[in-house]
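The values are calculated or read from the model by the stated rules, or taken from the named source; none is laboratory data. Predicted, not measured: the structure shown is a model, and the values here were computed from it. Cβ sites come from the backbone with ideal geometry, for glycine too, and all protein chains shown count toward neighbours.
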Amino acid sequence: MKANVLLATQDRQVWRRLREEVGDLCQVEVSASPGQAYAQLRQKPFRVFVVDSKLPQLDSVGLAHALRHAPTPNGVFVSWGPLDKLVYVLEATPWEPVVVRRSFGQLVHTLRARLDPAAARRVGEVRYQPREDTFFVAFRNGKAYELPRKVLEADDGSPVAGEPEVVHGGEAFRVHQKSGNTYEVPWDVVLYHQEPGYEYSKGRPEQRQTEARRAQRIAARIRHERMAREWSLADLAERTGIHPPNLSRLESGKHVPSLETLERVAQALGLRVADLLAV
């Protein structure tokens, strides 16, 4: 089902053009006055409410009140052009506020970023922040997160060389380290660590329980396969290139290993990754 978007403007040409540009993602309705827009807001939920800042008789206090009592729990309020006293909207409503400069192209870009489901699963830009030792990751839907390096198992701790690069059409970003180590961070790893609303967020109780069970299964399988070959942890470490303390943590079921780690362990054991994941 397409999202509902309400556009408050007296420029009917903008409405028609907007329907052409984003009609594949949403249904666009128009209001020619603030009062009419507020009445429509009360009638049904809108995913996005766009207000032309040049709309006559636009009152920011009335706007904040209308948004606060609209039946939309997590909508996006877009001010097309600067809106005086926007602080009322920022402080008094649960809507996510976005200010877009008076450019039709920028308005279209903003709406597509907020409404296209794929935008929430695509990385737009990444910058390494050496002072915080984090990656600042901006997604195409406008959301941004700070991802600590310490949570990335593939990172060997050596300095980051240059800026990360977005790869695979935004599905991941690649990091180069001065040691020569290179690794990729998929979009879902970022959301797993930093987005509470993500269905597989590590903060969700059910996700923690699922991961704990999976970690125990993987640990038991790896330990069984290693002992069947009469290998010590040092033997497995030599064959995988993984430090013995990290293998010990893996076999104790303390965490779910990354795909890269599973591939290295499976290859050393002469197995497939699927074999390590099997019940």
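Being surrounded by 12 or more Cβ atoms within 10 Å (Cβ to Cβ) and within 24 Å of the chain's Cα centre (by Cα) is the filter here; which residues of segment 46-83 pass it? Please lay out each step first, then the result.
Going through segment 46-83, the residues surrounded by 12 or more Cβ atoms within 10 Å (Cβ to Cβ) turn out to be 46-55, 58-60, 62-68, 70, 72, 75-81, 83.
Selection gives Phe46, Arg47, Val48, Phe49, Val50, Thr72, Gly75, Val76, Phe77, Val78, Ser79.
Results for (1) in contact with a Phe, Trp or Tyr (Cβ under 7 Å, 6 or more places away or on another chain); (2) at positive phi; (3) modelled with pLDDT under 85, shown as yes or no for each residue.
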residue: Ala161; (1), (2), (3): no, no, no
residue: Val167; (1), (2), (3): yes, no, no
residue: Ala172; (1), (2), (3): yes, no, no
residue: Lys178; (1), (2), (3): no, no, no
residue: Trp187; (1), (2), (3): no, no, no
residue: Lys202; (1), (2), (3): yes, no, yes
residue: Gln209; (1), (2), (3): no, no, yes
residue: Ala215; (1), (2), (3): no, no, yes
- Task: Would you confirm whether any residue within segment 168-175 is surrounded by 17 or more Cβ atoms within 10 Å (Cβ to Cβ), more than 11 Å from the chain's Cα centre (by Cα) and either aromatic (Phe, Trp, Tyr) or assigned to a helix (DSSP H, G or I) (or both)?
- Result: yes
- Can you name the residue in segment 201-213 that is not hydrophobic (A, V, I, L, M, F, W, C) and not in a loop (DSSP other than H, G, I, E, B) and is also surrounded by the fewest Cβ atoms within 10 Å (Cβ to Cβ) among such residues? Pro205
- Pairs under 7 Å by beta carbon, first residue of a type in the set (Gly, Ala, Ser) in segment 220-244, partner assigned to a helix (DSSP H, G or I), six or more apart or different chains? Ala234/Pro244; Ala237/Pro244; Ala237/Leu247; Gly241/Arg264
- Quickly run through segment 52-92 and pick out the residues that are in contact with a helix residue (DSSP H, G or I) (Cβ under 7 Å, 6 or more places away or on another chain) and assigned to a strand (DSSP E or B). Val76, Phe77, Val78, Trp80
- Note on the structure: Residue set Tyr183, Tyr145, Tyr198, Tyr128; condition under 30 Å from Val108 (Cβ atoms), part of a strand (DSSP E or B) and out of contact with any His (no Cβ under 7 Å at 6 or more places or on another chain); output residue Tyr145
- Can you tell me which residues in segment 196-213 are within 24 Å of Arg122 (Cα to Cα) and not basic (Lys, Arg)? Pro196, Gly197, Tyr198, Glu199, Tyr200, Ser201, Gly203, Gln207
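Give the residue, chosen from Leu111, Leu107, Leu147, Leu86, that is surrounded by 15 or more Cβ atoms within 10 Å (Cβ to Cβ), without any contact (Cβ under 8 Å) to a residue 40 or more places away in the chain and hydrophobic (A, V, I, L, M, F, W, C). Spell out the reasoning first.
Values: Leu111 fails: without any contact (Cβ under 8 Å) to a residue 40 or more places away in the chain; Leu107 fails: without any contact (Cβ under 8 Å) to a residue 40 or more places away in the chain; Leu147 fails: without any contact (Cβ under 8 Å) to a residue 40 or more places away in the chain.
Checking each option against the conditions leaves just Leu86.
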- Message: So for segment 34-49 (the condition being within 19 Å of Arg140 (Cβ to Cβ) and among the charged types (D, E, K, R)), does at least one residue qualify?
- Response: yes
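Quick check on my filter: what residues within segment 14-38 are in a strand (DSSP E or B) and either in contact with a His (Cβ under 8 Å, 6 or more places away or on another chain) or not small (Gly, Ala, Ser) (or both)? I'd like the intermediate steps shown before the answer.
First pass over segment 14-38, keeping only residues in a strand (DSSP E or B): 26-31.
The answer is Cys26, Gln27, Val28, Glu29, Val30.
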- Pairs, please: C-beta under 6 Å, at least 6 apart or cross-chain, first residue within 21 Å of Tyr192 (Cα to Cα) and in segment 152-169, second exposed (fewer than 14 other Cβ atoms within 10 Å of the Cβ) and not hydrophobic (A, V, I, L, M, F, W, C)? Ala154/Glu260; Asp156/Ser179
- Message: Only one of His176, His193 is closer than 15 Å to Arg127 by Cβ and not β-branched (Val, Ile, Thr). Can you tell me which?
- Response: His176
- Looking only at segment 116-144, and only at residues there that are at pLDDT below 90 and not charged (D, E, K, R), the one that is surrounded by the fewest Cβ atoms within 10 Å (Cβ to Cβ): Pro117
